1. For GLU57, which of the numbered conditions (1) within 16 Å of the ligand (Cβ to nearest atom); (2) more than 19 Å from PHE266 (Cα to Cα); (3) surrounded by 13 or more Cβ atoms within 10 Å (Cβ to Cβ); (4) not small (Gly, Ala, Ser) fails to hold?
2. State the number of residues belonging to the range 121-143 that are out of contact with any helix residue (DSSP H, G or I) (no Cβ under 6 Å at 6 or more places or on another chain), in a loop (DSSP other than H, G, I, E, B) and at negative phi.
3. Quick one: how many residues across the range 75-96 are open to solvent by less than 60 Å² (accessible area, probe 1.4 Å) and among the charged types (D, E, K, R)?
4. Just one of the numbered conditions (1) closer than 18 Å to PHE134 by Cα; (2) open to solvent by 20 Å² or more (accessible area, probe 1.4 Å) is not true of PRO35; which one?
5. Would you call ILE40 more than 16 Å from the ligand (Cβ to nearest atom), more than 22 Å from ASP121 (Cβ to Cβ) and over 20 Å from the mean Cα position of the chain (by Cα)?
6. Taking the range 144-195 as the region of interest, how many residues are in a helix (DSSP H, G or I) and out of contact with any helix residue (DSSP H, G or I) (no Cβ under 9 Å at 6 or more places or on another chain)?
7. Would you mind listing the strands (runs of 3 or more DSSP E) fully within the range 233-304 where at least 1 residues are surrounded by 23 or more Cβ atoms within 10 Å (Cβ to Cβ) and of a type in the set (Ser, Thr, Tyr)?
8. Filter the range 7-20 for residues that are at pLDDT 95 or above and surrounded by fewer than 18 Cβ atoms within 10 Å (Cβ to Cβ) and give the result.
Amino acid sequence: MNYQQTLNEINTGLDCAKFGGKVANYIPELANIDPNKFGIHLCCIQKGNYSIGDNEEKFSIQSISKVFALAMAYPMLGEKLWKRVGVEPSGNPFNSLVQLEYESGIPRNPLINAGALVICDILISKLKSPKEDFLNYVRGLAGNEDIYFNEKVAESEKNSGYRNVALANLMKSFGNIENLVEDVVDFYFYMCSIEMSCKELAQTFLVFANHGAHFVTGEKILSESQSKRLSAIMLTCGFYDQAGEFTFKVGLPGKSGVGGGIAAIFPEHYSVAIWSPKLNKAGNSVLGMEVLERLTTETKLSIF
Ligand code: GLU
């Protein structure tokens, strides 16, 4: 498969001006991003890196970090994890409070904000230096030390993250948060502020395309079963309230973030990351979805 040629053809045929969307501005610091940034990076398990545009420029990965947090917490708690968070799509916006009240503080899945806050709570309970240990975990997955939090973004979200504080408080009232709410949301805001490029994200996601085995060291980060489950959660819950449409159009498990990034995997073949900051109403990158749909359509390769 000549992925570079396919990416070039997709890129040439893309009339970017035709696509709408808006940069996220509810976290003020994210509103400063150039809306026309555009990068793609695809990494094959059998070696081979293919890219377009701003693929080496770092951006705010936001909710894509929820996948890393889940990957870190899952082996620590094993199946007990699912007592505290479910595995069903929410059918609600990512920061919704409504369902939590009805469902006694157990979030629908680990990739919506409430579920990720529970995962953050677990990591805080388990780790000695949560922020540092988490960052080192991501660096280890990426095989790259040059990955950092963006303090400005974390601060900006801390100053505007009322809904996340409300979610954590509501879950605390149901006994599903062990630590102080302020510590949980602080960790969460830092986690979301991690910056990575498409190249770094694609390389990091290779572990999920590779049944949980690290792409360089071969170390098993997740068991086969854990890797299957994590991918299943990405497929069913990774794209806000648009996971059905994403799967319908693209057919790959993945996760998006409000920074405009999307990372996806074609198990046993490749991982791919795209960055284009203009989002649709659901919070997914408009061009990111379009490019991935064209990629799986042109290559005739998806999980289905
Ligand atoms: N930090 C963002 C928030 O909690 C993450 C949102 C996202 O990327 O889905 O609102």
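The values are calculated or read from the model by the stated rules, or taken from the named source; none is laboratory data. Keep in mind the model is a prediction, meaning the values are calculated, not measured. In this analysis, Cβ positions are derived from the backbone assuming ideal geometry, glycine residues included, and neighbour counts consider all displayed protein chains. Calculation scope for accessible area: heavy atoms of the full protein, side chains included, ligands and nucleic acids excluded. Shrake-Rupley method; radii C 1.70, N 1.55, O 1.52, S 1.80 Å.
1. Every listed condition holds for GLU57 apart from (1).
2. As a first pass, look at the range 121-143 and keep what is out of contact with any helix residue (DSSP H, G or I) (no Cβ under 6 Å at 6 or more places or on another chain): 125, 128-129, 132-136, 139-140, 143.
Okay, now just the ones that are also in a loop (DSSP other than H, G, I, E, B), so 128-129, 143.
With at negative phi added as a condition, the list becomes 128-129.
Count: 2.
3. 1
4. Condition (1) is where PRO35 drops out.
5. Spelling it out, it is not the case that ILE40 is more than 16 Å from the ligand (Cβ to nearest atom), more than 22 Å from ASP121 (Cβ to Cβ) and over 20 Å from the mean Cα position of the chain (by Cα).
6. As a first pass, look at the range 144-195 and keep what is in a helix (DSSP H, G or I): 151-158, 162-173, 181-192.
Going one step further and asking which of them are out of contact with any helix residue (DSSP H, G or I) (no Cβ under 9 Å at 6 or more places or on another chain), we end up with 162, 166, 173.
Summing the residues that are in a helix (DSSP H, G or I) and out of contact with any helix residue (DSSP H, G or I) (no Cβ under 9 Å at 6 or more places or on another chain) in the range 144-195 gives 3.
7. 254-256, 270-275
8. Across the range 7-20, the qualifying residues are ASN8, GLU9.
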